[in-house]
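One structure is given below, encoded as structure tokens.
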Ligand code: M6R
């Protein structure tokens, strides 16, 4: 600007010299009354309401004021002034950009009487499942065929989305007889050498903005892979990068902890895996029936979750164990507990316990075992007994009784592949009440963000 450039010209000149990914807004006392924004690999959206303008990384931030949104592409510039907004390309040429209308469900996000968004989102899971199941059966069958035909299939995701993917991996194998790998998105780049045009990469991300996932997908595309994304939030960076997108349709998830989006991701993996054997309708019917069951699980367990969280609020370590298709639910339960209540928690395959972690079990150590009456029950309960023998306080998520439980989180008997959906719901509730009992804000855990747009 010392050379006489306007603020927007200065931003256009400086931005290409910046390393990494960013979205920023600039103001200057030397060119007052303007806000100039630009982005690279991070989201930046402009909201427009008559003569009022908003800029944010996420349209949810201004959704109560306007539902008219313009997304910037990489290196584009927005120049906001009182009563006007202008868009420029990286050379400073004017751009005509069209606003899109934010879906009504995304414009409305209040707690509807709940104390926290997280509880609201847990409680609305049964309804959400119904919305997720509204999918195009033909599109699912086509995607399932692509997955079956590929030389290799890699699923990439982070956090809870990765745990949903791990359940998906078991389903692909058991239902579709299709082995696939799940690679943590932050590690994906280290496997990029083996990705080629005969690879299908499935990216799972509630936000569609997680930087590690976005970067992995770009690398996969560059290598010629077919990219299929499973996303909740509309108009995300990931959607733009994907060849096919499956939407969760579970509405805005405001709490940092993923709950309803996790359940929806599981439902999508059921639909996909059953589509591999021409069973989309069968899976959709089974999942529809499950909606009322999920409400029942919440009702049955609420008071026990409150009691348990009070009793165990002083504990420092929790271990979550399960086998097979339920293993990822152990990891998800542990992630949710540590994320919002700040209690150390680990999830692991029950068979791994004796390879190290058993040394940490002391009298009173809480161990959560997910042991529904399915093909994993007998071996999982044996592992639980090993922990019980060392004095563990045994919390069981099961539909089958056992003398070794100190606390029994009851779930109904369902088809054996459906247990992850009913087992995870009370574990989300347990984490929620644990956070409340320790005076933590479950919606805004310290140090964490809803969309992790940095690497
Ligand atoms: O938006 P994404 O699904 O890509 O987010 C991935 C993780 O950051 C996310 O699942 C995180 O682990 C949650 N806060 C867990 O509750």
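The values are calculated or read from the model by the stated rules, or taken from the named source; none is laboratory data. No experiment lies behind these values; they were computed from the predicted model shown. Cβ sites come from the backbone with ideal geometry, for glycine too, and all protein chains shown count toward neighbours.
Worth pointing out:
- Residue 412 away from the ligand (no atom under 16 Å from the Cβ), assigned to a loop (DSSP other than H, G, I, E, B) and surrounded by 14 or more Cβ atoms within 10 Å (Cβ to Cβ): yes
- Those residues of region 221-241 which are crowded, with 22+ Cβ neighbours inside 10 Å and either without any contact (Cβ under 8 Å) to a residue 24 or more places away in the chain or within 14 Å of the ligand (Cβ to nearest atom) (or both), in sequence order: 229, 230, 231, 232, 233, 236, 237, 238
- Among the residues of region 132-186, those identified as under 24 Å from residue 326 (Cα atoms) and out of contact with any helix residue (DSSP H, G or I) (no Cβ under 8 Å at 6 or more places or on another chain) are 169, 173, 177.
- Qualifying position, being farther than 22 Å from residue 268 by Cβ, touching a helix residue (DSSP H, G or I) at 6+ places or on another chain (Cβ under 8 Å), surrounded by 24 or more Cβ atoms within 10 Å (Cβ to Cβ) and not assigned by TED's automatic domain parsing to the domain that holds residue 169, among 421, 430, 358: 430
A quick yes/no check of all residues on (1) away from the ligand (no atom under 16 Å from the Cβ); (2) surrounded by 15 or more Cβ atoms within 10 Å (Cβ to Cβ); (3) within 22 Å of residue 259 (Cα to Cα); (4) not assigned by TED's automatic domain parsing to the domain that holds residue 398:
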| position | (1), (2), (3), (4) |
| --- | --- |
| 307 | yes, no, yes, no |
| 310 | yes, no, yes, no |
| 329 | no, yes, yes, no |
| 333 | no, yes, yes, no |
| 350 | yes, yes, no, no |
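- For residue 447: the one exception among (1) surrounded by fewer than 20 Cβ atoms within 10 Å (Cβ to Cβ); (2) in contact (Cβ under 8 Å) with a residue 60 or more places away in the chain; (3) within 16 Å of the ligand (Cβ to nearest atom): (2)
- Looking only at region 34-81, residues that are part of a helix (DSSP H, G or I) and over 24 Å from the mean Cα position of the chain (by Cα) come to 0 in all.
- Looking across region 366-384, the residues that are more than 21 Å from residue 334 (Cβ to Cβ) and either out of contact with any strand residue (DSSP E or B) (no Cβ under 8 Å at 6 or more places or on another chain) or not assigned by TED's automatic domain parsing to the domain that holds residue 354 (or both) come down to 375, 378.
- Selection from region 162-210 of residues that are within 9 Å of the ligand (Cβ to nearest atom) and either free of Cβ contacts under 8 Å to residues at least 12 places away in the same chain or within 17 Å of residue 242 (Cα to Cα) (or both): 185, 203, 204, 205, 206, 207, 208, 209, 210
- Some residue of region 316-323 being assigned to a loop (DSSP other than H, G, I, E, B) and closer than 16 Å to residue 404 by Cα: no
- Answer residue from region 51-65, given it is in contact with a strand residue (DSSP E or B) (Cβ under 9 Å, 6 or more places away or on another chain) and in contact (Cβ under 8 Å) with a residue 24 or more places away in the chain and is surrounded by the fewest Cβ atoms within 10 Å (Cβ to Cβ) among those: 51
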